[in-house]
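Since the structure comes first, as structure tokens, the remarks are kept for the end.
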Amino acid sequence: MNAVVLLALALAVIGPLSVSADDSLVKFAGGIGVHPVSNVAGTANPDGTFPNVTRNIVRGVPPAGQIWVIADLKANVKADGSIKVDGRGLLLAGGNGIGGNANASVFATLICEAATPFVERNTDAAGVPLAPNGDFRIDDVLSPAPQGCASPVLLIRNAVNQTWFAAGIPKLQD
């Protein structure tokens, strides 16, 4: 009986500590691949192109030149700026390299401002290489560290030209 009481007391003390230990600033569950064009306008040219094309620029960051897809993305940004990203299936969705990873390396950018000026909080811009199947893991610290994040956007970017390939879907805090 004493063992049961001690176990109950231990759980009562440890349980709340484990819940409060999650110092997440923002989490992301799911991802959206880039489509480089937001919209087109005007009458189509004879070759099928349009005279006015608006690129899919997100908070000042230009898109990759080709369509990319991502099968899954999970990310957790802590209050101290540490970030873990687990991406699956980030691959080209068009062009002659369709289904490939273009030998790309990627890094993450968190932008917390809904309006300019935007502050890019980046992991190491040298990036991590995509696996042949498009999988990647980032375990790093954002620089500069965020001080709150009212309007989070997480972009997965090309380490060579810094365009964006995919975006995270913000997860409502539990």
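The values are calculated or read from the model by the stated rules, or taken from the named source; none is laboratory data. Bear in mind that the values here come from a model prediction, so they are computed numbers and not experimental data. As a convention, Cβ positions derive from the backbone with ideal geometry for all residues, glycine included, and neighbour counts pool all protein chains shown.
Considering every residue within the range 45-66, establish whether at least one is modelled with pLDDT under 95, part of a strand (DSSP E or B) and hydroxyl-bearing (S, T, Y). Checking the range 45-66: at least one residue is modelled with pLDDT under 95, part of a strand (DSSP E or B) and hydroxyl-bearing (S, T, Y).
Can you tell me how many residues within the range 45-64 are small (G, A, S) and under 15 Å from I111 (Cβ atoms)? Outline the logic, then answer.
Step one: list which residues in the range 45-64 are small (G, A, S), which gives 48, 60, 64.
Now drop any that are not under 15 Å from I111 (Cβ atoms), which leaves 60.
Qualifying residue count, the range 45-64: 1.
Exactly one residue out of L110, L73, L130 is of a type in the set (A, V, I, L, M, F, W, C), in contact with a Gly (Cβ under 7 Å, 6 or more places away or on another chain) and touching a residue at least 40 places away in the same chain (Cβ under 8 Å), and it is L73.
Any idea which of F50, F28 is aromatic (F, W, Y), over 15 Å from T163 (Cα atoms) and free of Cβ contacts under 8 Å to residues at least 40 places away in the same chain? Don't jump to the end; show me each part of the working.
Details: F28 fails: free of Cβ contacts under 8 Å to residues at least 40 places away in the same chain.
Answer to the check: F50.
Under the condition of being within 15 Å of L73 (Cα to Cα) and among the hydrophobic types (A, V, I, L, M, F, W, C), the residues counted in the range 129-168 number 12.
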